[in-house]
2 protein chains.
Amino acid sequence: MSRRKLTPVEKARREIYSVSCLDILNHQNWMALALEQAQQAAQEGDVPVGAVIVRNGELIAAAGNARQRLQRPTAHAEILAIEQACEKLGTWNLSDCAVYVTLEPCCMCAGAILQARIPLVVYGADDPKAGAVKTLFSLLNDSRLNHRCEVISGILDTACGKVLTDFFQKRRDEKKG
Amino acid sequence: MSRRKLTPVEKARREIYSVSCLDILNHQNWMALALEQAQQAAQEGDVPVGAVIVRNGELIAAAGNARQRLQRPTAHAEILAIEQACEKLGTWNLSDCAVYVTLEPCCMCAGAILQARIPLVVYGADDPKAGAVKTLFSLLNDSRLNHRCEVISGILDTACGKVLTDFFQKRRDEKKG
């Protein structure tokens, strides 16, 4: 069966479509790993947020929120993952890395992402209480600062949000019981 | 020589005046310690910013910026001091502490101060490039967030600024030479 030759516009559309589908699948795969980190955090009694850092298609670092476990207010998933990645790569500059995180970063973590010069931030669920990327502030896209990031949001957002609501629901139930 | 008895208003004024003078002297003493930390950081090749954390008039933690030394983008003076204080006190919650820092905190550090629930932030020089307390953002006084801080700025600001300008001038001279 012979196929009609595609017009240049159709060809471009098809390319864009297939690339962006692959990208989304790719983002979902990394986010699924971040989600695993969030679930582990929940098991240790910490608010379930997880993050991974990726470089050239390779996993560099993975961490879950550990504020309670470590009794350290800076032990958010993103901060721990950034510190792990820097330790591994021997540099404070992560300008060839991407960070995947299940929840929209807070001011501290958005600031750390800027400090580390990370160019791509992919996150799952929005954070209406403390989100500093889009919800309350737009710290990653402010022309007055010396670094800006590409941001993709909403990747596996339902699952990323559910792990949080389940955690808080369980905590409320335990308090009642 | 007998003195005229003070009126209640005069008495109140004198009290307020003397308390605030003592407070400022107190703030300057702690800031001088933060400044020592900044100077040490400069000696190790790091941008000279220093911080100390104080609780009930006692020094709990002291750190200088160590981004280069540790190759860690999160190793700002405030973050290191907060982590030291939490380690020492065994809790992520520093709601009975004050932080003294030579330079206006950036987004990351202002965020960490919020996370640690520190109620009083005293800083020296404003940061026109990245200040997130007053200059570019007002992160420590935003009614949408779950914590706000009292902020006192300008304590030993000339000395705190000079250690920075001297550092960058020296670096420029070394590049030229």
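Values in this text are rule-based calculations from the coordinates and carry no lab data. These numbers come from a predicted model, not from an experiment. Note that each Cβ is placed from the backbone with ideal geometry, even for glycine, and that neighbours are counted across all protein chains shown.
So B:Glu78 fits all but one of (1) in contact with a Lys or Arg (Cβ under 8 Å, 6 or more places away or on another chain); (2) within 28 Å of B:Thr165 (Cβ to Cβ); (3) charged (D, E, K, R); what number is the exception?
Result: B:Glu78 passes all but (1).
When you go through (1) part of a loop (DSSP other than H, G, I, E, B); (2) under 27 Å from A:Gln71 (Cα atoms); (3) out of contact with any Asp or Glu (no Cβ under 9 Å at 6 or more places or on another chain) one by one for B:Ile155, which number turns out not to apply?
In the conditions (1) part of a loop (DSSP other than H, G, I, E, B); (2) under 27 Å from A:Gln71 (Cα atoms); (3) out of contact with any Asp or Glu (no Cβ under 9 Å at 6 or more places or on another chain), B:Ile155 misses (2) alone.
Would you check which residues across the range B:66-96 are part of a loop (DSSP other than H, G, I, E, B), at the interface with another protein chain (Cβ under 7 Å from one of its Cβ atoms) and touching an Asp or Glu at 6+ places or on another chain (Cβ under 8 Å) and list them?
Filtering the range B:66-96 for residues part of a loop (DSSP other than H, G, I, E, B) gives B:66, B:71-76, B:90-96.
Among the residues that remain, those that are also at the interface with another protein chain (Cβ under 7 Å from one of its Cβ atoms) are: B:71-74, B:90-92.
Matches in the range B:66-96: B:Arg72, B:Thr74.
Restricting the search to the range A:120-152, which residues are of a type in the set (Val, Ile, Thr) and assigned to a loop (DSSP other than H, G, I, E, B)?
As a first pass, look at the range A:120-152 and keep what is of a type in the set (Val, Ile, Thr): A:121-122, A:133, A:135, A:151-152.
Across the range A:120-152, the qualifying residues are A:Val133, A:Thr135.
Can you pull out the residues in the range B:62-86 that are surrounded by fewer than 24 Cβ atoms within 10 Å (Cβ to Cβ) and more than 21 Å from B:Asp126 (Cα to Cα)?
Of everything in the range B:62-86, those that are surrounded by fewer than 24 Cβ atoms within 10 Å (Cβ to Cβ) and more than 21 Å from B:Asp126 (Cα to Cα) turn out to be B:Gln68, B:Arg69, B:Leu70, B:Gln71, B:Arg72, B:Glu83, B:Gln84.
Search the range B:94-109 for residues being of a type outside the set (Val, Ile, Thr) and touching a Cys at 6+ places or on another chain (Cβ under 8 Å), and hand back the single one that is surrounded by the fewest Cβ atoms within 10 Å (Cβ to Cβ).
Start the filter on the range B:94-109 by keeping residues that are of a type outside the set (Val, Ile, Thr), which leaves B:94-98, B:100, B:103-109.
From the residues that got through so far, the ones that are touching a Cys at 6+ places or on another chain (Cβ under 8 Å) too are B:94, B:103, B:107-108.
Values: B:Leu94: 24, B:Leu103: 29, B:Cys107: 30, B:Met108: 28.
My answer is B:Leu94.
Of a type outside the set (Ser, Thr, Tyr), in a helix (DSSP H, G or I), away from chain A (no Cβ under 11 Å) and farther than 26 Å from A:Ile82 by Cβ - does that describe any residue in the range B:110-119?
Within the range B:110-119 (the criterion being of a type outside the set (Ser, Thr, Tyr), in a helix (DSSP H, G or I), away from chain A (no Cβ under 11 Å) and farther than 26 Å from A:Ile82 by Cβ), the answer is no, since none of the residues qualifies.
Which is over 18 Å from B:Gln37 (Cβ atoms) and crowded, with 21+ Cβ neighbours inside 10 Å, of B:Val133, B:Val151, B:Val122?
Values: B:Val151 fails: crowded, with 21+ Cβ neighbours inside 10 Å; B:Val122 fails: over 18 Å from B:Gln37 (Cβ atoms).
Exactly one residue qualifies, and that residue is B:Val133.
Any chance you could count how many residues in the range A:29-61 are crowded, with 22+ Cβ neighbours inside 10 Å, over 12 Å from the mean Cα position of the chain (by Cα) and in contact (Cβ under 8 Å) with a residue 40 or more places away in the chain?
Here the count works out to 1.
Any residue at all in the range B:127-146 that is away from chain A (no Cβ under 13 Å) and of a type in the set (A, V, I, L, M, F, W, C)?
The initial filter retains those residues of the range B:127-146 that are away from chain A (no Cβ under 13 Å), namely B:134.
Next cut, of a type in the set (A, V, I, L, M, F, W, C) only: none.
No, because not a single residue in the range B:127-146 is away from chain A (no Cβ under 13 Å) and of a type in the set (A, V, I, L, M, F, W, C).
In this structure, is A:Ala42 more than 13 Å from chain B (Cβ to nearest Cβ) and either closer than 21 Å to A:Gly111 by Cα or outside any strand (DSSP E or B) (or both)? Show your work before the answer.
Details: more than 13 Å from chain B (Cβ to nearest Cβ): yes; either closer than 21 Å to A:Gly111 by Cα or outside any strand (DSSP E or B) (or both): yes.
Yes.
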